[in-house]
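Notes for the one structure printed next.
All of the numbers you see were taken from the coordinates with simple rules; none came from a lab. Only a predicted model underlies this, so the values are computations on that prediction, with no experimental measurement involved. Because the Cβ atoms are built from the backbone with ideal geometry, glycine has one as well, and the counts that use them run over all protein chains shown.
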Amino acid sequence: MTSPRTPWPTRLDTQADLDAALQKLAARDKPFARALEQIGAPAIRRTEPGFGAIVGSILGQQVSGHAARAIRNKLLARTGPLTPDAIRALSSEELRACGLSGAKARYVRAAADACHDGLDIDGLHQHDDETVIALLTALPGIGRWTAEIYLLFALGRIDVWPADDLALQIGAGHLRRLKDRPRGKAARQIADRWAPARGAAALFLWHYYHSLTARDAVLADPSKAETPIKETA
């Protein structure tokens, strides 16, 4: 158990970082504390940063985790390591044969071209959150949500809150016993109480959503979705 004087973790790199942040959040938020006691903490989730993580985030838009992994495995079987040059060497037809939609094939290729033209994906960790978001959202098919997911899962940024995420909105609304699902500004205002560890709160609320619905949240970029998002709970 952490004490009020225990400093906040500065990143979400380890399970200990996540657990410490969740305990500090619970110490100042009774509904959060009740939910944490009820279902426990989630396991830390991290993705290796770099071009492969960007491709993975694009593949994961609007599909289940299982479907995204299947597409990624087919792609890896053709390319080996996911590098910009490997993607640029594939035709649109070859990308489609791996299971990518036409739009996702264009997005993945555009990301590869941007890296070839000078975008330093491997150097994004040197920038603050908003700069990373600006650099990534300049790419076709990547909205703020996808950039925030990269910050959280690939770079371990502790205070990132993907406010437009459907599962987070549902989880936050249920946690606070709201009649309507909070969206946009309302979702951000709820998360303000969880600063400076809104990313830790997000990881917990995805876990909480799963406990409410008995299914995993579908990671989907709400700002650049290929099909309209449908509320699932």
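Given the criteria of a type in the set (D, E), surrounded by 12 or more Cβ atoms within 10 Å (Cβ to Cβ), in a loop (DSSP other than H, G, I, E, B) and touching a residue at least 60 places away in the same chain (Cβ under 8 Å), does D17 qualify? Outline the logic, then answer.
Values: of a type in the set (D, E): yes; surrounded by 12 or more Cβ atoms within 10 Å (Cβ to Cβ): yes; in a loop (DSSP other than H, G, I, E, B): no; touching a residue at least 60 places away in the same chain (Cβ under 8 Å): yes.
Criteria not met by D17.
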Residues of the stretch 20-71 classified as farther than 26 Å from V132 by Cα and of a type in the set (D, E, K, R), total: 6
Test for S91: is it surrounded by fewer than 20 Cβ atoms within 10 Å (Cβ to Cβ), over 17 Å from D113 (Cα atoms) and among the hydroxyl-bearing types (S, T, Y): no
